[in-house]
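Here is the structure we will look at, set down as structure tokens.
The values are calculated or read from the model by the stated rules, or taken from the named source; none is laboratory data. Bear in mind the structure is a predicted one, so any value in this text is a computation, not a measurement. Please note: Cβ atoms are built from the backbone with ideal geometry, for glycine as well, and neighbour counts cover all protein chains shown.
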Amino acid sequence: MTVLEVKNLNLGFECECGFRQALYDVSFSLEPGKMHALVGESGCGKTISAMSILRLLPKTAYITSGEILYDSNDILKLPVKKLQKLRGAKIALIPQDPMTSLNPLYTIGDQLLEVIKIHQGLQGKEAFNKAVEALELVRIPCAKERMKAYPHEFSGGMKQRAIIAMALACNAEILIADEPTTALDVTIQAQIMNLLKDIQKNTGTAILLITHDLALVSENADYVSVMYAGHIVENAPADEFFQNPNHPYTLALLKSMPSVRRNEKLSTITGQPPSIQQFINGCKFHPRCENCMDICKNIVPPVYYVGENHFSSCFLNKDDRCNEG
């Protein structure tokens, strides 16, 4: 059962030098009570893929084809009024930077009440109680008193919890968490991720986790999609993903993870992900790939089935053991 499905999403930007494509046939789905991680280096297309779900895109961005299906409706075709009812109420967003996402001129309570009034239609004491309940759900102590606090009176971790409370206050079915542990120390990171897991388990919320931190993914995600230069290059259940990684880019990311158990020198990936203004024939990763073959330089690899619900876009899988998906 899927609560949301992104199908063959193509998106680009109108630049000074003309139209440049940024996403290529991006496809993934979210299931109730499951966490789907979208991983990759900065600039690979993770955030713009997620923002497409809510149609929160820059004016220069254009979706050229694809579907985003929620409740049998294509979000990309919804009128603005219906889309506004969907945002926050059914699909909520935890933005990347909690430090700048809260208005410093208003109390935490005022900002939380505004969300509840708009999306839940509650007023007065009923709205206040709902707001306090949301703060308690994200384990903010003395929630009733904290309603009067301003953002500058909260620590980074507390700000992130307040943002999550706003997302939860409307009982959203889908939670998009865009790098929710950015700029937080390791201890607070663990607390935030444990909080998201509890929400996922207790409310059946589907979570799309956008991150470049594979350690977080290994401990929390149910399913993983790896993005590179606007392409999803590997899809797999989390257990399968970490036990049998397939794509060279995935392998390079895993090798670059720090480990206290490994005495060898930390591996790095040479070069940088290409910008949308760079045109690369064939596989986008081939200039940085240690296993690059001639075919990789000329043809975009198809999707190969490499295991149970495990798919990878790499010509290294072109043999009798793998079937094209």
TODO: Kindly check whether there is at least one residue in the stretch 97-104 that is part of a helix (DSSP H, G or I), surrounded by fewer than 20 Cβ atoms within 10 Å (Cβ to Cβ) and under 15 Å from the mean Cα position of the chain (by Cα).
DONE: no
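Working carefully through the options Glu290, Glu234, find the one that is acidic (Asp, Glu) and under 21 Å from the mean Cα position of the chain (by Cα).
Just a single option satisfies the conditions, and that option is Glu234.
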Task: Contacts under 9 angstrom Cβ, first residue in the stretch 191-214 being more than 11 Å from Pro32 (Cα to Cα), partner assigned to a helix (DSSP H, G or I) and aromatic (Phe, Trp, Tyr), 6 or more apart - done: Leu214/Phe242
- [ ] Might you let me know whether the stretch 250-261 holds any residue that is closer than 30 Å to Thr60 by Cβ and either out of contact with any Pro (no Cβ under 7 Å at 6 or more places or on another chain) or exposed (fewer than 13 other Cβ atoms within 10 Å of the Cβ) (or both)?
- [x] yes
- [ ] Please tell me if Ile174 is touching a helix residue (DSSP H, G or I) at 6+ places or on another chain (Cβ under 7 Å) and buried (at least 20 other Cβ atoms within 10 Å of the Cβ).
- [x] no
Task: Only listed residue being buried (at least 16 other Cβ atoms within 10 Å of the Cβ) and either outside any helix (DSSP H, G or I) or not charged (D, E, K, R) (or both), chosen from Pro180, Pro141 - done: Pro180
TODO: Inspect all residues belonging to the stretch 58-75 and state whether any of them is surrounded by fewer than 15 Cβ atoms within 10 Å (Cβ to Cβ) and part of a helix (DSSP H, G or I).
DONE: no
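Working only within the stretch 116-126, note down all residues that are surrounded by fewer than 19 Cβ atoms within 10 Å (Cβ to Cβ), part of a helix (DSSP H, G or I) and either at positive phi or of a type outside the set (Asp, Glu) (or both).
Selection gives Lys117, Ile118, Gln120, Gly124, Lys125.
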- [ ] Considering only residues that are within 26 Å of Ile75 (Cβ to Cβ) and under 20 Å from the mean Cα position of the chain (by Cα), look in the stretch 129-168 and name the one that is modelled with the lowest pLDDT.
- [x] Leu168
Task: Single residue of Cys283, Cys292 found to be surrounded by fewer than 20 Cβ atoms within 10 Å (Cβ to Cβ) and hydrophobic (A, V, I, L, M, F, W, C) - done: Cys292
